[in-house]
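What follows is a set of notes on a single structure, which appears directly below.
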Amino acid sequence: MPVVNPDPSDQGILVGKMGRPFGVRGFGRVSVLSDNPDRFLDDRGETFHLATPSRVNGKSRRLVLEDTEWKGDVLLVKWEGIDSPELLKEISGWDIFWEGPDDWIPDDSEAQKISDLIGMRVLDSLTGTDVGYISGFYERPGQDLLAIDAKGREILCPYVEPLVPRIDRDRREVYVQWGIVGI
């Protein structure tokens, strides 16, 4: 089941996935899932919540980020108290959540936080018909998905410009290609 994060206080913001060990000093690869390009690099000394992606066994830990470094195009992280590949294997594959404030502001003035869309009305971009409201979102590595409550039924819409051609922040309206999305 995908991680739904309409309430960031639940687990935090999904910012990465812990990969396999790298070397013998406790460094591990990270798949970065954050829009913030400096996530992890500027977060040394900060605490992150790591949790298994499966809710069945429900394991989780809070770890302090000790160090980061780039090896080519691979980001490596080192957590305090994780000093060997064997210890790192225990958290390999776990989701990494940022529990601090979501205070990163993109350089692009047109960029918008997906969480700001929650509660906005959804209108068909061709007819202007009210079809529902944004009830949440799914942060996925490939692309984010908007969760639209359409008369009690959840419809998922990829958050890409062709399907979401316009957002009116002042009127709190999101326009979608409902003929494609609502089928």
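Points worth noting:
- Distant-in-sequence amide H partners of VAL131 (H built 1.01 Å from N, under 5 Å): VAL122, LEU123, ASP124
- Taking label points 7 Å from Cα along the Cα-to-Cβ direction, THR52 and VAL24 give a separation of 3.1 nm.
- Stokes-Einstein D in µm²/s, Kirkwood radius over Cα pairs - segment 13-98 at 37 °C with 0.692 mPa s viscosity: 260
- On the basis of the beta-carbon distance and an R0 of 41 Å, LYS89 and SER115 show a calculated FRET efficiency of 0.80.
- Residue separation of ILE180 and TRP70 scaled by 0.36 nm, minus their Cα-Cα distance, works out to 35.5 nm of gained length.
- Using distinct alpha-carbon pairs, which all enter the 1/r mean, Kirkwood radius of segment 133-182 in Å: 11.2
Since every read-out is calculated from the coordinates, none of them should be taken as a lab result. What you see is a predicted model, and the numbers here were worked out from it, not measured in a lab. Cβ sites come from the backbone with ideal geometry, for glycine too, and all protein chains shown count toward neighbours.
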